[in-house]
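This report refers to the structure that appears directly beneath it.
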Amino acid sequence: MKKNTATPDANHAEPRLYRVVASRIQALIAEENIRPGERLPSERDLALKLSVSRTSLREALIALELGGFIEVRGGSGVYVSEQAAPQAPVVEVGPGPFEVLAARRMIEAEVAALAAKMATDSAIDAILLAVLEMEKHHDDRGANEQADRNFHLAIARATGNSAMVGVIDYLWNQRGSLWHKLKEHFQTEDLRKNTLNDHRAILEAIAAHDVSGARQAMRAHLERVTRTFSRG
């Protein structure tokens with residue numbers, strides 16, 4: 001008897017966690033009769049009511065915001081949108097930001113370590129150039145983000161492994177609409193300054209061919225970003 005080797009139908013794939021949580025938030029709104037224009041419970045209370053992590057809840061809220069179901073008002077809270085359609089479907093918008101950050105923490109720490117071992121002088125110069133571009137364009141968010149991308153790709157190129165470059169490029173391209181909305185709400189000037197300081201520390205470790213130091217500096221950088229986006 002032959003085994004069924006067919007690949008699963010993509011249309012029957014398990015929904016992403018933030019979609020599941022978002023649907024539960026919609027159900028809670030209906031059950032508690034929270035009307036359009038009214039405020040939802042705090043993130044802390046919602047997380048307790050739904051027995052989910054704050055990071056999963058935050059991704060779900062942002063997905064609902066992108067779908068026009070809720071409004072996030074800075075310094076005030078989360079409200080049901082005046083234009084919200086009852087039980088509007090949650091749109092699939094790619095992997096959640098914290099899912100991507102978890103993958104980056106695991107992978108990019110090792111990429112930085114390998115770069116510290118393998119980097120040539122010209123590869124180190126390319127990483128330095130990206131840091132200088134981030135400094136130059138500190139107040140230009142678009143140019144600053146491009147320099148940030150160039151920094152991480154330059155580290156991957158410093159490994160001498162083109163597959164590593166492809167992996168980092170793929171991870172960067174997963175920073176979709178959920179990521180950008182999260183960044184819009186929660187990125188601070190302190191985070192931008194700390195990111196630059198983190199990048200300098202990563203560069204210094206790679207330039208010194210400090211394998212352990214480069215690994216730790218990259219991990220610390222991505223952990224800092226995760227903490228900033230996950231706290232209240």
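The values are calculated or read from the model by the stated rules, or taken from the named source; none is laboratory data. Keep in mind the model is a prediction, meaning the values are calculated, not measured. Every residue, glycine among them, receives a Cβ derived from its backbone with ideal geometry; neighbour counts consider all protein chains shown. The accessibility values were calculated without ligands, DNA or RNA, using every heavy atom of the protein model including side chains. Shrake-Rupley method; radii C 1.70, N 1.55, O 1.52, S 1.80 Å.
Each of the peptides 152-159, 134-141 was scored by the mean count of other Cβ atoms within 10 Å over its residues; in descending order, highest first, they stand as 152-159, 134-141. Structural size metrics of the chain, computed from C-alpha coordinates, are Rg and Dmax of 20.5, 65 Å. Per-residue packing, averaged as other Cβ atoms within 10 Å, sorts the ranges 163-173, 35-45 into the order 163-173, 35-45, beginning with the highest.
Secondary-structure-derived ellipticity at 222 nm for the chain, considering helices only, amounts to -21500 deg cm²/dmol, per-run term -39500 (n - 2.57) for DSSP H runs with n ≥ 4. Measuring nothing but protein heavy atoms, the accessible surface of the chain at 1.4 Å probe radius is 51 percent carbon and sulfur.
Taking a Cβ cut-off of under 15 Å around L57, the surrounding Lys, Arg, Asp and Glu residues balance to a net charge of +4, with basic ones at +1 and acidic ones at -1. Taking every alpha-carbon pair under 8 Å whose residues sit at least 6 apart, the chain reaches a relative contact order of 22 percent.
Remark: the stretch 17-80 carries 47 Å² of accessible area per residue (probe radius 1.4 Å; ligands, DNA and RNA excluded). The share of alpha-carbon pairs in the stretch 97-230 lying farther apart than 19 Å comes to 45%.
Annotation: aspartates and glutamates with alpha-carbon distance below 15 angstrom to K136 (same-chain offsets under eight excluded): E145, D148. Relative to its residue count, the stretch 17-80 spans a Cα convex hull of 75 Å³ per residue. In the chain, the longest principal axis of the Cα atoms and the axis of helix 141-158 are about 50 degrees apart.
Within straight-line reach of K117, meaning a Cα separation under 18 Å, sit the following aspartates and glutamates at least 8 residues removed in sequence or on another chain: E108, D125, E204, D210.
Excluding ligands, DNA and RNA, the accessible surface per residue across the stretch 180-232 is 48 Å² with a 1.4 Å probe. Over the stretch 120-229, Cα pairs under 8 Å with separation of 6+ residues give a relative contact order of 24 percent. Remark: relative contact order (the stretch 17-80) = 42 percent; criterion is Cα-Cα distance under 8 angstrom and separation of 6 or more residues.
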